[in-house]
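Asker: Next up is a structure, given as structure tokens.
Please treat every number below as a calculation from the coordinates, not as lab data. All values derive from a computational prediction rather than experimental measurement. Every residue, glycine as well, gets a Cβ built from its backbone with ideal geometry; the counts of neighbours run over all protein chains shown.
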Amino acid sequence: MANSWSVKNKLFIFLLVPGLAWLLFFFILPLIIIFSMSFGQKIDIIGVEYSWSLHNYIRAFDGIYFITLFKSVIISSITTLLCLLVAVPVVLYISFSSTRMKSILLISIMLPLWTNLLIRTYSLIAILRTKGHINSSLEFLWDSSNHLFNFLNLANYNIFSNSFTPLNLIYNNFAIILGLFYIYIPFMIIPIYLVLERFDRNLLEASYDLGANHIHTFFKIILPIISPAIISGIILVFIPCLGTFIIPDLLGGADSQMIGNIIERQFKSANDWPFGSSLSFLLIYMTIIIFAVRYIYTKLYSKLHIRMDI
Amino acid sequence: MRKIKLIRSPIEYARNKYLKTITYSFLVILYLPIINLIFFSFNDSKRNIVWRGFTTKYYEKMFDNQILFDAFSNSLTIAFISTVISTILGLSTAICLWKFNFYLKKYYDLALIFPIVIPEICLGVSMLVFFNFISWPNFQIWPLSLSSIIIAHVSFIFPFVAIIIRSRLSILNNEILESGTDLGATNFQIIKFIIIPFLKPAIIASFLFAFTLSLDDFVVTFFTSGPNSVTLPVKIYSMVRFGITPEINAVSTLLLLIIIISTYFVIKFLTKKNRAFIK
């Protein structure tokens, strides 16, 4: 149904121009502005000099900022790995359920995705904080076992010290990873599900018939089939994790900042826009590199498969 | 008599007890905080840990709070206007990409995905710098004071609309279009009498989807909002930073309710089929 653009010129212009103009003016242009600003220099409170030097980028790879950048990558990687480890068994279970169960389970996984990021982070605080639900439940268990031991005349052994010290569940890196996992895991589940739901189940039958066990079948059949979906899932989880700033802001402690917090600070309080722009563009460069790697991977993957068919 | 033991096929993963345990405990972890949040919005205690009886006083307090009310009406206004603009832009872009082949089309496709894939914070700060750079006036009059947020929202919402509508267009039966052309319809008539009615469920769904995206957005809004244009998520953020109160639970529950209802309709309209048009 696709026509060449010269055939129905008027309609084409009418349909193309609004979207293209908006995209160019309100998306590409702002990006170009911060791209040029990332090579600039702050001269006074509001003034920026476009000096086309790399010193903002050099500063980003120096000392404290580099540590934060590195830490953001590590935290995002751990989160992504955790999401992957949970998502695969969950998807395996869902995609082999009955049709009715399948839609119920899928909607229950999708539903939190539509609820506000901030609200979900907030709901985690209530559970994790020092006087939150986990700690108060643990305290209750602790006290009851203390009573029990006293009752049994075992108090001398001092198995539990008298007062309960609350666990530090919040305001540390653990809380950030948990928060990111909690928010972004649906993005890992959905792409894997879309592949696993449609693939040829006879392959599994054949594998078991030929004497492979569960582990063998998983690594030789299922994993190669879902690997492109896993790559998509990794991208969908890793990139937003890298750029997050609310979760470390609300769940992290004083020393658990991520790159998003530093960017936010450059624009909201420190007022060093050129440096903030260069950090934002570092995130964009990483995004582009990740997509490029995936593009190359899919090219290689499809070639491999053609070879396997022959 | 020997007991008959049912031999199950090993590929019935749905009956594997390990997978089942993992899945259900995952769902419990996923829902526990949210259920806790809703539950404690009715709790008659400031400390928010121990249940001290049912109350709706935090809801009443919320409705009396003028600042919260203003923030909420700002959010709704922004969501409505940016949704209307996004739907129009997304619809025309989707039809254009579906119907025409043109020079650099591949790159236009890619550029449309870009606002969706880059980290939100980058979009937020680029918008902040952009409005400063072109010295966008700081309007004092009410709907205009929201203009910068609306523009920023449309930039990342309309590509979503274009993608939803385009995927719907890919199942349109071409014979109907050809018979339309045979019977002498002009292009505008084809769009008006065939494509738009066919797309109606997808348009409604993407309208609602865009509405929830805008209502829900925090990061982009945070960077583009000024003192005169506080939205509900931005207000919730400052409340959370200040401390934890049951009032936040009440506001969150209300927002959750709105989003869940509109999501229900999104799913309903997206799965609706008008058979006459489909291949």
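Asker: Per-residue ellipticity at 222 nm for the protein assembly as shown, helices alone: DSSP H runs ≥ 4 residues times -39500 (n - 2.57), over residue total, nearest 500 deg cm²/dmol?
Answerer: Calculated at 222 nm, the ellipticity per residue is -23500 deg cm²/dmol.
Asker: Can you figure out the FRET efficiency of A:D62 with A:F35, using R₀ = 25 Å and their beta-carbon distance, to the nearest 0.05?
Answerer: So, using R0 = 25 Å, E works out to roughly 0.75.
Asker: I'd like to compare B:113-119, B:55-61: which one has the highest average count of other Cβ atoms within 10 Å, and what's the full order after that?
Answerer: So the order, starting with the most tightly packed, is B:113-119, B:55-61.
Asker: Add +1 for every Lys or Arg and -1 for every Asp or Glu among the other residues with Cβ under 12 Å from the Cβ of A:Y171, and state the total.
Answerer: -1
Asker: Related question: If I take every Cα pair under 8 Å that is 6 or more residues apart in chain B, average their sequence separation and divide by the length, what percent do I get for the relative contact order?
Answerer: Reported relative contact order: 30 percent.
Asker: Here's another thing I want to ask about it. Specify the inter-centroid distance of segment B:64-86 and segment B:249-269, based on alpha-carbon positions, in whole Å.
Answerer: Computed from Cα coordinates, the inter-centre distance equals 15 Å.
Asker: Anything over 28 Å Cα to Cα? Flag those among A:K102/B:K105; A:K10/B:K105; B:K105/B:K200; B:K57/B:K235; A:K71/A:K268; A:K71/B:K105, in the order listed.
Answerer: Exceeds cut-off: A:K102/B:K105; A:K71/B:K105.
Asker: Also: Shape call for chain B from the C-alpha gyration tensor, a ≥ b ≥ c root eigenvalues: rounded (a/c under 1.5), prolate (a/b greater than b/c) or oblate?
Answerer: Judged from the Cα gyration tensor, chain B comes out oblate (a/c at least 1.5, b/c at or above a/b).
Asker: How do B:185-195, A:272-282, B:216-226 rank on mean C-beta neighbours within 10 Å, highest first?
Answerer: Final packing ranking: A:272-282, B:216-226, B:185-195.
Asker: How would you rank B:96-107, A:75-86, B:246-257, highest first, on the average number of other Cβ atoms within 10 Å across their residues?
Answerer: Top of the packing list down: B:246-257, A:75-86, B:96-107.
Asker: Please compute the average number of Cβ atoms from other chains found within 10 Å of each residue's Cβ in peptide A:238-246.
Answerer: 4
Asker: What residues from segment A:282-301 fall in the zone where the backbone N is under 18 Å from a label point 7 Å along the Cα-to-C-beta line of A:S77?
Answerer: Those under the cut-off are A:283, A:286-291, A:293-294.
Asker: Modelled label-to-label distance, B:D64 and A:E49, 7 Å Cα→beta-carbon offset: nm?
Answerer: 5.7
Asker: Evaluated at 10 °C with a viscosity of 1.306 mPa s, what Stokes-Einstein diffusion coefficient in µm²/s does the protein assembly as shown have when Rh comes from the Kirkwood expression over alpha-carbon pairs?
Answerer: The estimated diffusion coefficient comes to 59 µm²/s.
Asker: Two decimals, Cα atoms only, Kirkwood Rh: what is Rg/Rh over chain A?
Answerer: 1.08
Asker: Next question. Run a plain Debye calculation on segment B:29-71 (Cα atoms as equal point scatterers, no solvent) and give log10 I(q)/I(0) at q = 0.16, 0.24, 0.27 Å⁻¹, rounded to two decimals, same order as the q list.
Answerer: So the normalised log intensities work out to -0.51, -0.85, -0.92.
Asker: Peptide B:94-104: average number of partner chain Cβ atoms within 10 Å per residue?
Answerer: 5
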